[in-house]
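These notes are about the structure you will find just below.
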Amino acid sequence: MLISFVRIITFALQNFWRNIWLSIATLSIIILTLISVSGLIFISVLTQEAIASAQQLIDLTITFKTDITADEIHSIDQTIKSSLPIESTTFISKEEALAKFKEFHKDDPSIQESLNALEENPLGNALVITANRIEDYPSIIAYFQQDEMQNKIQEFNKNFEKHELILEKMNLLTKRVQEIALVISGIFIVIAALIVFNTIRIAIYTHSEEISIMKLVGATNAFVRGPFIFESIFYSLAATLITLAILMPLLSLISPYISAFFNNSFDLATYFRQHALWIGLYEFLGITLLNLIATSFAIGKYLKI
Amino acid sequence: MIIFKNVSKIYHPNISALKEATLHIEPGEFVSIVGQSGVGKTTIVKLITAEERPTHGTITIGGWDITHIKNRAKPILRRQIGVIFQDFKLLPSKTVDENIAFALQVSGSPFTKIKTIVPQLIKVVGLEKKEDRFPKQLSGGEKQRVAIARALAHRPKVLVADEPTGNLDAINTNEIVDLLLKINSFGTTVVLVTHNREVVNNLHKRVITLEAGEIVSDQKKGKYML
Ligand SMILES: Nc1ncnc2c1ncn2[C@@H]1O[C@H](COP(=O)(O)OP(=O)(O)OP(=O)(O)O)[C@@H](O)[C@H]1O
Ligand SMILES: [Mg+2]
């Protein structure tokens, strides 16, 4: 048993070296496939990142009437955090708001003057709310539009109203983009699988004569199949490692351009370094499965003798 | 050892390579099968090794009815038969050494056994110093000798030689025939397929003559009659 195993591995390695050009051709097809699939993964990550960063631009600022105290707002904050789909809230006190307002209009003497003329701070305390997802805003707004709340509120921020339309459109767009990406990925993966499948079939076809000879000399199916199975696992492993080795420097090279696009909030090279192990593992498992299926399929025909 | 009972092989509705052939080959016998090209000699070889199944009739090898042999059992049958194929059937990406060793490796022979047997066989067929060549680096006669060495490697009970001297000159042919006789004298059943008149006439052994898929004569001490 062990002796056969050692022989199978020896045969597999011999096969690889003695048909080196065929091996290289097969290997490069698998590598190209893996690089393309990795590209697909990156595009989907970038799409999600783009959507997420666009979503972060949106928030809801609720300015309360001047007589609503900070304590009251804190209790509202507690309630909505536990009952609404809210990611985070930021409290802005009326003093902070005034300071900001003064700072913002410091070059406008007329505003400065009128502010100074006021004895009391005309601004209210405010709460900036970020929802979990874009589609969660309407329910949050609805909550504040109840009469009981409406009475306490000075204004909803303009930011939100202005962006509401854009928001809806973007929501739709991201859904479309994700759907299209999914369909394209699906088609692409099917094409890639077919290419790999046929490459393996052709590689085995070139050995069809040998396979029948081995059978005629008394080899069992397992003994004939063994080296090919081992070789296909070896192909998968080598292809995965080479793919990772190619992507590593390639991503470092293009990553700065992508980061610039995201205002430096996202670095693809770092993302890849953090996830390389998983990407590599999944690609290895996927391609191994595909190779094994293709190998078993292709070889079966010639084993019948 | 080898029993064919009314065996027919029809490859195609209008190609019947063997018609109702019946023959008994006893253990330890040396039998020559002769006949013109295309009369069905190689077909008999393929039926013995279960490369082809008979369309009609039954085939028994060493008491084992292989007419409906299962695919799984074929390796066991083949490891007991040594075949020198008409077209050599050497593995192109294995060296001379490895080709011969392969017949032993399939049955899980230990490394040490292979290390001693293979050089002996190389010597027997006169291929010293060519062990590391690939089949495409060998002449026709050399390839034939590798095929012979491989067929003998696992000490088969039955040796089937399909034109083993087809590519050899007279001297080498005699050497090979002597080798076959020697193997036969140790008790191995030998089936020799040939169209070499001289070889057959010098053997003074049993000769089966085929004509268009039919056995037309079967003589105990036969001559090449065509
Ligand atoms: N796989 C096949 N399919 C169809 N016909 C075949 C097949 N193999 C052999 N034949 C036919 O069967 C007949 C017998 O072939 P076979 O190979 O047994 O001849 P042979 O006696 O060995 O000839 P030779 O002396 O030339 O080797 C031939 O007519 C051949 O064309
Ligand atoms: Mg023939």
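Arrange the residues A:W278, A:W17, B:W64 by how much accessible surface each exposes, largest first, with a 1.4 angstrom probe. Can you show the working numbers first?
Details: A:W278 135, A:W17 170, B:W64 85 Å².
Greatest to least solvent exposure: A:W17, A:W278, B:W64.
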Hull surface over four for the Cα convex hull of segment A:210-305, reported in nm², is 7.3
Along principal axes, largest first, the alpha-carbon spread of the protein assembly as shown in whole Å comes out as 137, 47, 35
Measure of exposure for A:L237: accessible area at 1.4 Å probe, Å² rounded to 10, is 80
Dipole check, segment A:164-283, charges on Cβ (K,R +1; D,E -1), about Cα centroid: among A:H207, A:A245, A:L165 the Cα furthest to the positive pole belongs to A:H207
Taking Cα atoms only, Rg over Rh for segment B:36-132 with Rh from the Kirkwood formula is 1.03
Whole-percent tail of the Cα-Cα distance distribution for segment B:94-201, cut at 25 Å, equals 18
Under the 7 Å Cα-to-Cβ spin-label approximation, A:L289 and A:S28 lie apart by a distance in nanometres of 2.9
Given the candidates A:Y235, B:L91, B:N196, the one whose Cα lies deepest towards the positive end of the charge dipole of the protein assembly as shown, counting +1 at each Lys or Arg C-beta and -1 at each Asp or Glu C-beta, is B:N196
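Which whole-number percent is the relative contact order of segment A:131-286 (Cα, under 8 Å, 6+ apart)? Mind showing how you got there, number by number?
On the way: 37 pairs, mean separation 20.5, N = 156.
Once divided by the residue count of segment A:131-286, the mean separation gives 13 percent.
How high is the relative contact order of segment A:66-151, in percent, with contacts defined as C-alpha pairs under 8 Å that are six or more residues apart?
Numbers: 67 pairs, mean separation 35.8, N = 86.
Computed value for segment A:66-151: 42 percent relative contact order.
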For chain B, inverting the pair-averaged 1/r of distinct alpha-carbon atoms gives a Kirkwood value in Å of 17.9
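Run the dipole for segment B:99-198 about the Cα centre, Lys and Arg Cβ at +1, Asp and Glu Cβ at -1, nothing else charged, and hand back the magnitude in debye, nearest 20. Working shown, then result.
Working: 14 positive and 10 negative charges, 85 e Å.
Roughly 400 debye, rounded to the nearest 20.
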Expressed in square angstrom to the nearest 10, the accessible area of A:I187 with a 1.4 Å probe stands at 100
Counting only DSSP loop positions in segment A:82-148, the trypsin sites (Lys or Arg not before Pro) whose Cβ has at most 11 other Cβ atoms within 10 Å are A:K106
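Can you work out D for chain A in µm² s⁻¹ from Stokes-Einstein, where Rh is the Kirkwood radius over C-alpha pairs, the temperature is 4 °C and the viscosity is 1.567 mPa s? Show your work: numbers first, answer last.
Working: Rh = 24.9 Å.
In µm²/s, the coefficient is 52.
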Rounded to whole angstrom, the alpha-carbon centroid of segment A:229-252 lies from that of segment B:137-207 at a distance of 50
With all protein chains in place and a 1.4 Å probe, A:D267 shows an accessible area in Å² (nearest 10) of 60
Beyond 22 Å (Cα-Cα) in this structure, taken from A:K65/A:K106; B:K46/B:K94; B:K9/B:K70; A:K215/A:K301; B:K130/B:K157, we find A:K65/A:K106; B:K46/B:K94; B:K130/B:K157
So the compactness index of segment A:66-151, its C-alpha Rg divided by 2.2 N^0.38 Å, takes the value 1.32
Rg from C-alpha atoms of segment A:135-277, normalised by the globular rule of thumb 2.2 N^0.38 Å, equals 1.93
Excluding residues fewer than 8 positions from B:K123 in its own chain, the aspartates and glutamates with Cα under 18 Å of it are B:D97, B:E98, B:E131, B:D132, B:E142, B:E175, B:D178
Along segment B:55-65, Karplus-curve 3J(HN,Hα) (6.51, -1.76, 1.60; θ = phi - 60°) to the nearest Hz, with x for Gly and Pro, reads 6, 9, x, 10, 10, 10, 10, x, x, 9, 6
Here, A:A52 and A:F5, labelled 7 Å along Cα→Cβ, have an inter-label distance in nm of 4.3
Long-range amide H partners of A:I86, meaning residues 5 or more apart or on another chain whose placed amide H is closer than 5 Å, are A:N132
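Efficiency by 1/(1 + (r/R0)^6): what FRET value for B:D218 and A:L237, r their Cβ-Cβ distance, R0 = 45 Å, to the nearest 0.05?
Working: r = 59 Å, r/R0 = 1.31.
Efficiency for this residue pair is about 0.15.
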Summing +1 per Lys or Arg and -1 per Asp or Glu among the other residues with Cβ less than 9 Å from B:L138's Cβ gives +4
Any trypsin sites (Lys or Arg not before Pro) in segment B:17-120 that lie in a DSSP loop and have at most 14 other Cβ atoms within 10 Å would be B:K70
Each label sits 7 Å from Cα toward the beta-carbon; between A:S110 and B:K70 the label points are separated, in nm, by 10.1
Projected onto the charge dipole of segment A:66-151 (unit charges on the beta-carbon of Lys, Arg, Asp and Glu, signs +1, +1, -1, -1), the Cα from A:Q150, A:T66, A:I134 with the largest positive-side position is that of A:I134
Once B:E51, A:E155, A:E148 are ranked on solvent-accessible area with the largest value leading and a 1.4 Å probe, the list reads A:E148, A:E155, B:E51
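Mind putting a number on the dipole of chain B about its Cα centre? Charges go on the C-beta only, +1 for Lys and Arg and -1 for Asp and Glu, and I need it in Debye to the nearest 20.
Dipole magnitude for chain B comes out near 580 debye.
Rank-order A:54-65, A:108-119 by packing density, defined as the average count of other C-beta atoms within 10 Å over each peptide's residues, highest first.
Working: A:54-65: 17.4, A:108-119: 10.2.
Ranked by mean Cβ neighbours within 10 Å, highest first: A:54-65, A:108-119.
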The size of the Cβ-based charge dipole (Lys, Arg +1; Asp, Glu -1) of the protein assembly as shown about the Cα centre, to the nearest 20 debye, is 5080
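Of A:D71, B:D65, which has the most accessible area and how do the rest follow, probe 1.4 Å?
Numbers: A:D71 120, B:D65 80 Å².
I get A:D71, B:D65, largest accessible area first.
The values are calculated or read from the model by the stated rules, or taken from the named source; none is laboratory data. From a predicted model like this one, the values you see are computed outputs, not experimental measurements. For neighbour counting, all protein chains shown are included, and Cβ atoms are generated from backbone atoms with ideal geometry for every residue, glycine included. All accessible areas refer to the heavy atoms of the entire protein, side chains included, with ligands and DNA or RNA removed. Shrake-Rupley method; radii C 1.70, N 1.55, O 1.52, S 1.80 Å.
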